[in-house]
Each structure stands twice: as C-alpha cells, then as structure tokens.
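Data first, discussion second: the structure below is written as structure tokens.
Since every read-out is calculated from the coordinates, none of them should be taken as a lab result. The model shown is predicted, which means the values in this text are computed figures rather than measured ones. Positions of Cβ are backbone-derived with ideal geometry, glycine not excepted, and every protein chain shown enters the neighbour counts.
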Amino acid sequence: TPPVGLASFAAAAVSGGDPIRTGFIAFFYSLRTAALPFLFIFNTDLLLIDVDAVHGVFVFITATLAMLLFAAATQGYFLTKSKIWETVVLLVLAFSFFRPGFWMDMISAPYIDYKPAEMATAFENTPEGEKVRLMISGKDDIGNPRKWMVVLPVGPSASGAERIKAVGLTLREEDGKVLIDDVAFGSEAKKVGLDWDQEITKVLQPADQVNKYWIYLPALLILCLVVLAQKARIRKTSAQPA
C-alpha cells in the first residue's frame, strides 16, 4: 500500500540505504504477520467466547509469547543470533503455544469412536452439556454427494434412545446402515441441517482428555534450555579479547 511504500522510503532515507532494496526487505518482514489470522483459527479462545477474565488474560499472554517466538525464529535472532537447531526449536515452541491441543491429541485421544449402530451408547455415556459429533453422508442442495460433520448437544440424564429423540432424530437401520428416518421441526438436529435419508457413518463421543495447557510446561522447559544455551554463547563471546 502507499503508506507502507512511503515508510520504506523514509526508512531508507534514515539508514542511507537503497529505497527499493529496503522496500523488499520490509515486505518480507511484513509477511510474518500472515501468521496472525492462524492464531484465531488454532486458538479460538482468543475470540473470548465462553471465556472468563482470568482465562482470557492467560490466553493473551501465551498468544503473545507464541508470536514473539515466531518472530524470533523467522528473523534468526533471539537473545543472540540463533543457530539452525535453535531456530527449528523456536518454531516448534511457537506452534506449541499456538495450538497445544495438537500435541495433547497425540497423547490422549479427544474422542471415543463409535460405530453408527452404537449411537445410543455414545449418547448415553456422554455427560450432560457435552456434545456428540456425527459424520453424515448425504447430498447437498443440488444433489451432489458430500460428507460433513455435525455437532449435537446432549441433554439431561436419560437413556441413549431418549437423548437421541430429544435432539429431534428418528433413526432406522437398512442394509447394515443407520439412516435418519425423520427430523423433528425446530429441533437441534434440524438446526444443524440434518434431514431424512441421510446416513450416519461415524459417531464421536468426547473423551475425558487431559487439559491441553499441560503442554506448556515442557514447552517452557525447552524454552529455558534455549535461553541458557544462548546466554552461555553470549558470555563466551563477551569473554573473548577484542
């Protein structure tokens, strides 16, 4: 944009450098801001939806730390000029602070996978207030086949069949498949776009997973090791005679 271009010329005037070269360097540095939208994709808590004040402050601090680590890694400089392995570690740490759930999902599965025929069991075992995910196979508005995921809330304690009925679903089994036979008008199932003759191919019940933020502890420990390594290098360089 014109203001950015003008800023590049102003920076070149101050430094005495070439304006075009300064503009290119500024452009590549500004590309680092492309990571900003992914903060909100990987960590939706930044949107402050159902997030209290303490949790919000915690999320802001960790997101800021992640951006600082990302900037340090892409510039090749943290406390001092980084070695290649330090740059790689800083990038991994930045991603870990961006999305701790990525690593936690490898340690502890976030969902329990049920067959469609076991859907009632999944609903019955899901705590009140949690949500069950259904993989649906059907057709779009113009008749093209497609697959998509829907999320249905689980109501008060009851049998699995009663909970399924409470969200507005009537099911039937046909040729080994579980199909939607009817969807109640105005129900939760209707709101998420479910309709008759759609096939349920997978049922995912939320698992009792370890809190994803525990990943921050090993991440901080590794960050401390990088800090110590760079500080040791700084001291060694300072101790050398000029």
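Shown for the chain are the DSSP H helices of 27 Å or more along their axis, judged by Cα atoms, with a mean Kyte-Doolittle hydropathy of at least -1.0: 53-75, 216-239.
Tally Lys and Arg at +1 and Asp and Glu at -1 over the other residues with C-beta under 10 Å from the C-beta of residue 147: what net charge comes out? Overall, the nearby charge balance is +1.
Please find the FRET efficiency linking residue 41 to residue 238, where r is the Cβ-Cβ separation and R0 is fixed at 41 Å, and quote it to the nearest 0.05.
Approximately 0.45, to the nearest 0.05.
Sorting 51, 154, 89 by the number of Cβ atoms found within 10 Å of their own Cβ, with the fewest placed first, yields 51, 89, 154.
Using a Gaussian network model of the chain in which every pair of alpha carbons under 10 angstrom is joined by a spring, one finds that among 119, 149, 67 the greatest mean-square fluctuation is at 149. Can you tell me which lysines have their Cα less than 30 Å from the Cα of residue 177? Leave out same-chain residues fewer than eight positions away. Here the lysines satisfying the reach criterion relative to residue 177 are 115, 131, 139, 147, 165, 190, 191, 202.
For segment 101-210, which GluC sites (Glu not before Pro) pass both filters: DSSP loop (anything but H, G, I, E, B) and at most 14 other C-beta atoms within 10 Å?
Details: sites: 118, 124, 128, 130, 162, 173, 174, 188, 199; in loops: 128, 130.
Filter output for segment 101-210: 128, 130.
Let's see if you can work this out: charge +1 on each Lys and Arg Cβ, -1 on each Asp and Glu Cβ, no other charges. What is the dipole magnitude of the chain about its Cα centre, in debye to the nearest 20?
Details: 23 positive and 24 negative charges, 363 e Å.
Approximately 1740 debye in magnitude.
For residue 231, the lysines whose Cα comes closer than 29 Å to its Cα, not counting residues fewer than 8 places off in the same chain, are 81, 83.
When the charge dipole of the chain is built from unit charges on Cβ atoms (+1 for Lys and Arg, -1 for Asp and Glu) and taken about the Cα centre, the candidate among 171, 67, 187 whose Cα reaches farthest toward its positive end is 67.
So what's Rg/Rh here for segment 75-132, counting alpha carbon atoms and using the Kirkwood radius for Rh?
Details: Rg = 20.0 Å, Rh = 15.0 Å.
Rg/Rh: 1.33.
With charges set only on the Cβ (+1 for Lys and Arg, -1 for Asp and Glu), what does the dipole of segment 97-176 come to about its Cα centre, in debye to the nearest 20? Can you show the working numbers first?
On the way: 10 positive and 12 negative charges, 51 e Å.
Computed charge dipole of segment 97-176: roughly 240 debye.
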